[in-house]
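Working notes, beginning with the structure itself.
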Amino acid sequence: MSETKPAQQKTKMQSDRPDPGWPVYVDVYADTAPNGSVEWSHKWHFRNHSNRTGTIDIPPKQKGQSATPITFKLHDRTQPRVGLRFVDGDDAIWVSRTTCPQSEAASDPEITRIKPSGTVLKVLDMNETACTLHYNLRFEPDPNRYCYDPDIRNGGTTAE
């Protein structure tokens, strides 16, 4: 399947908040904490924009505009190296609108086309409803131990 692309990608973005459907890139960092556990952090950005931290903020879109592709890239900087990689299949990301899913698989129709491959996870955020999506990125070798849970704030779809 081809990746969904916004109609206006050829135009240079004038603000720090691009048009709906603009690709989002999230760098997820796994570092070794002083106590030996894994410490997680992330930075994210729209293509051709500066890095941000915190909640991934997807702008509102109008009916008929593109969904937002999101690419997560894992940077395993643990010492000694744990060998982290995304869980195969839909279990690579659990999503809920209420709380971060910790112990049970959860999905939401906003997040589709879940495609993990080693240290990269690609998803498509439909951005149909204004909401905050709480999610849990899950990693091998032990997804119950190695998981990370930042949020996505969807602007939702408005009438034309």
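Go through the residues of region 3-11 one by one and say whether even a single one is touching a Pro at 6+ places or on another chain (Cβ under 8 Å), at negative phi and at pLDDT 65 or above. Checking region 3-11: not a single residue is touching a Pro at 6+ places or on another chain (Cβ under 8 Å), at negative phi and at pLDDT 65 or above.
Right, T71: under 22 Å from E39 (Cα atoms) and among the hydroxyl-bearing types (S, T, Y) or not? Taking the combined requirement at face value, the residue satisfies it. Against the conditions (1) closer than 22 Å to C147 by Cα; (2) among the hydroxyl-bearing types (S, T, Y); (3) touching a strand residue (DSSP E or B) at 6+ places or on another chain (Cβ under 8 Å); (4) modelled with pLDDT under 90, S103 satisfies every one except (3).
The values are calculated or read from the model by the stated rules, or taken from the named source; none is laboratory data. Being a predicted model, the structure only gives us computed values, none of them experimental. Methodologically, a virtual Cβ is constructed for each residue, glycine included, from the backbone with ideal geometry; neighbour enumeration extends over all protein chains shown.
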